[in-house]
Amino acid sequence: GSLMMISARAFGDNAQMKEHHYTGPVEHKFSPYAFNGGTVLAVAGEDFALVASDTRLSEGYGIHSRDSPKCYKLTDTTVIGCSGFHGDCLTLTKIIEARLKMYKHSNNKNMTSGAIAAMLSTILYGKRFFPYYVYNIIGGLDEEGRGAVYSFDPVGSYQRDTYKAGGSASAMLQPLLDNQIGFKNMENVEQVPLTLEKAVQLVKDVFISAAERDVYTGDALKICIITKEGVREEIMPLRKD
Amino acid sequence: TVPVNGSEEGKIKAPKPMKTGTTIAGVVYKDGVVLGADTRATSEEVVADKMCAKIHYIAPNIYCCGAGTAADTEKTTDMLSSNLTIFSMNSGRNPRVVMAVNILQDMLFRYRGMIGAHLILGGVDCTGSHLYTVGPYGSMDKVPYLAMGSGKLPAMGILEDRFKGNMDLEEAKALVSDAIHAGIMSDLASGNNIDLCVITKEGVDYIRPHRESIYNYKRQAKYKYKPGTTPVLNKTVNQLELVHETVQMMETAGSS
């Protein structure tokens, strides 16, 4: 029998082969966006903040890189996690870093976490009609040294939170954090304040679970720990399959 | 959230059937056939089953790996197996692999590709060891080595590099296992463990799992909830009242 070469692209969404004989003009729409996967998580404590992300960069069913972290350090007290379309993540973080420098040169001080959050909101809304396809979460210390988390949508709506998950496995992580950090859906439980050690252990455990069930999350976990001493990093391996 | 592609708003989409998003492979060696598969089943981007069995029983001497729509591969292989069992009982013979292939081709062609089953059939019969692939439209190919599914490209890379005719058992098992492993590492929709099935004229060795996933990261904390964490707000007990009792005698097959 003759060998028929079938490339992976020939299979459409329902595992049916796409028609190769066309019945008329076919419109091919160019999409300026791609989805590169990745999950980001931030937690705020009494005197610390954590921003964690996996390091897998994927597209479709393939992996571009196993070592592409999604946390970017902005200042000694602020880290931002960006997931979504990698091209827009890179450009957005470049723009934020440039604006931080401009602020430092005009005002002779570093931007505070709250100020960075407010600025990011206006940068994102500036492209309201051709958005940055990025889900941002900022983690840092506020002016009083307390942990702060700010979460955004792609066009700049934001609010301050205690904890937030974003990216591809966010729907799996957020309910667990609501339960373990926010003590939701539980009664008769002692509501102890979250320590740094407990928060790091919780973040590692939830990412292990996310890597089990979300195909876009895996390879390694990078946690940026922000305290008054500065920003410290911890790396842990995750599933590579 | 922002609708990035505005034209999708308001359209109701039919629920998508679960696909196995797979890497499957098969190789003919000196004494028979080795089939291999990963064990991950995905439903869009979520892993639905971490220990899914993709190597299906067709006959005592024929097994089939299935990629594509999970329900389609299950039901098609079940139906094929039933048909061949009836044939065996009628004729008193073990079915031949080519018969299984023809039945599959007839059925899949009749359904015009609507059954999304991409299958690798392997078996040993009185005419020798055979490996076939059958596509969803009813196409067929007879080859000495093969890979299918979303991870077929990385798996084929390993097979093309190291396949040779008349390998011995350990070599063939290592080759199929490494081909599936390449699919597992490179393809997001394949993962977890590797199952193997070795078919010879002596019999079948279904090795599940042949290679377990090395990734078993233990969680550091125990997430257990004490009784009372979900409080009982209200309790109503309805006693079932015995109203009427009858006894009915029935003839069973055992009685005479």
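So, A:V215, is that one away from chain B (no Cβ under 12 Å), in contact with an Asp or Glu (Cβ under 7 Å, 6 or more places away or on another chain) and either under 30 Å from B:A41 (Cβ atoms) or surrounded by fewer than 23 Cβ atoms within 10 Å (Cβ to Cβ) (or both) or not? Give the derivation first.
Details: away from chain B (no Cβ under 12 Å): no; in contact with an Asp or Glu (Cβ under 7 Å, 6 or more places away or on another chain): yes; either under 30 Å from B:A41 (Cβ atoms) or surrounded by fewer than 23 Cβ atoms within 10 Å (Cβ to Cβ) (or both): yes.
No; evaluated as a whole, the condition is false for this residue.
Report, by residue number, each residue of the range A:144-162 that is under 23 Å from A:Y125 (Cα atoms) and surrounded by 21 or more Cβ atoms within 10 Å (Cβ to Cβ). Passing the criteria: A:A148, A:V149, A:Y150, A:S151, A:F152.
Say whether the condition of being under 21 Å from A:L173 (Cα atoms) and either buried (at least 23 other Cβ atoms within 10 Å of the Cβ) or hydroxyl-bearing (S, T, Y) (or both) is met by at least one residue in the range A:73-80. There is at least one residue in the range A:73-80 that is under 21 Å from A:L173 (Cα atoms) and either buried (at least 23 other Cβ atoms within 10 Å of the Cβ) or hydroxyl-bearing (S, T, Y) (or both). If you check A:G166, A:G139 for being touching a residue at least 24 places away in the same chain (Cβ under 8 Å) and either more than 14 Å from every other protein chain (Cβ to nearest Cβ) or on the phi > 0 side of the Ramachandran plot (or both), only one passes: A:G139.
Of all residues in the range A:146-171 being basic (K, R) and over 16 Å from A:C82 (Cα atoms), which is nearest to the chain's Cα centre (by Cα)? Show your work before the answer.
Initial filter on the range A:146-171 (basic (K, R)): A:146, A:160, A:164.
Filter once more, keeping what is over 16 Å from A:C82 (Cα atoms): A:146, A:160.
On the way: A:R146: 22, A:R160: 16 Å.
In this case the residue turns out to be A:R160.
One residue stands out in the range B:211-250 among those that are of a type in the set (S, T, N, Q) and surrounded by 10 or more Cβ atoms within 10 Å (Cβ to Cβ): the one that is farthest from A:D205 (Cα to Cα), namely B:T230.
Return yes or no: is B:A53 within 17 Å of B:A189 (Cα to Cα) and either among the basic types (K, R) or part of a strand (DSSP E or B) (or both)? Explain how you work it out, then say what you get.
Values: within 17 Å of B:A189 (Cα to Cα): yes; either among the basic types (K, R) or part of a strand (DSSP E or B) (or both): no.
No, not satisfied.
The set of residues in the range B:116-129 being more than 9 Å from every other protein chain (Cβ to nearest Cβ), crowded, with 23+ Cβ neighbours inside 10 Å and in contact with a helix residue (DSSP H, G or I) (Cβ under 7 Å, 6 or more places away or on another chain) consists of B:L119, B:L121, B:G123.
Quick test for you: out of B:D78, B:D161, B:D106, B:D72, pick the one residue that is within 13 Å of another protein chain (Cβ to nearest Cβ), over 21 Å from B:D205 (Cβ atoms) and of a type outside the set (S, T, N, Q).
On the way: B:D78 fails: within 13 Å of another protein chain (Cβ to nearest Cβ); B:D161 fails: within 13 Å of another protein chain (Cβ to nearest Cβ); B:D106 fails: within 13 Å of another protein chain (Cβ to nearest Cβ).
Testing whether each residue is within 13 Å of another protein chain (Cβ to nearest Cβ), over 21 Å from B:D205 (Cβ atoms) and of a type outside the set (S, T, N, Q) leaves just B:D72.
Within the set B:A155, B:A189, B:A253, the sole residue that is at pLDDT 95 or above and either loosely packed, with under 11 Cβ neighbours inside 10 Å or under 30 Å from A:M236 (Cβ atoms) (or both) turns out to be B:A155.
Here the range B:48-76 is the region considered, the condition is being surrounded by fewer than 20 Cβ atoms within 10 Å (Cβ to Cβ) and aliphatic (A, V, I, L, M), and the residue that is nearest to the chain's Cα centre (by Cα) is B:A53. Given the condition in contact with a strand residue (DSSP E or B) (Cβ under 6 Å, 6 or more places away or on another chain), surrounded by fewer than 20 Cβ atoms within 10 Å (Cβ to Cβ) and not in a loop (DSSP other than H, G, I, E, B), answer yes or no: does some residue in the range A:61-69 qualify? Yes: one or more hits. For the structure I just gave you, tell me whether A:K164 is more than 26 Å from A:M119 (Cβ to Cβ) and basic (K, R). So A:K164 fails the test.
Checking A:S31, A:S121, A:S106 one by one, the residue that is assigned to a helix (DSSP H, G or I), over 19 Å from the mean Cα position of the chain (by Cα) and more than 26 Å from A:V206 (Cβ to Cβ) is A:S106 and no other.
Please state which one of A:I181, A:I225, A:I235 is more than 9 Å from every other protein chain (Cβ to nearest Cβ), under 22 Å from A:T112 (Cβ atoms), out of contact with any His (no Cβ under 9 Å at 6 or more places or on another chain) and among the aliphatic types (A, V, I, L, M). Reasoning before the result, please.
Working: A:I181 fails: under 22 Å from A:T112 (Cβ atoms); A:I235 fails: under 22 Å from A:T112 (Cβ atoms).
Residue meeting the stated conditions: A:I225.
Checking the conditions here, which among B:K173, B:K164 is outside any helix (DSSP H, G or I) and among the basic types (K, R)? Break it down into steps so the answer makes sense when it comes.
Details: B:K173 fails: outside any helix (DSSP H, G or I).
Selected residue: B:K164, the only one of B:K173, B:K164 that is outside any helix (DSSP H, G or I) and among the basic types (K, R).
Within the group A:Y216, A:Y158, which residue is in contact with a helix residue (DSSP H, G or I) (Cβ under 9 Å, 6 or more places away or on another chain) and in contact (Cβ under 8 Å) with a residue 12 or more places away in the chain?
Numbers: A:Y216 fails: in contact with a helix residue (DSSP H, G or I) (Cβ under 9 Å, 6 or more places away or on another chain).
From the options A:Y216, A:Y158, the qualifying one is A:Y158.
A single member of B:Y132, B:Y225, B:Y215 is within 14 Å of chain A (Cβ to nearest Cβ) and modelled with pLDDT of 95 or more, and it is B:Y132.
The values are calculated or read from the model by the stated rules, or taken from the named source; none is laboratory data. Since the model is a prediction, treat every value here as computed from it, not as a measurement. For neighbour counting, all protein chains shown are included, and Cβ atoms are generated from backbone atoms with ideal geometry for every residue, glycine included.
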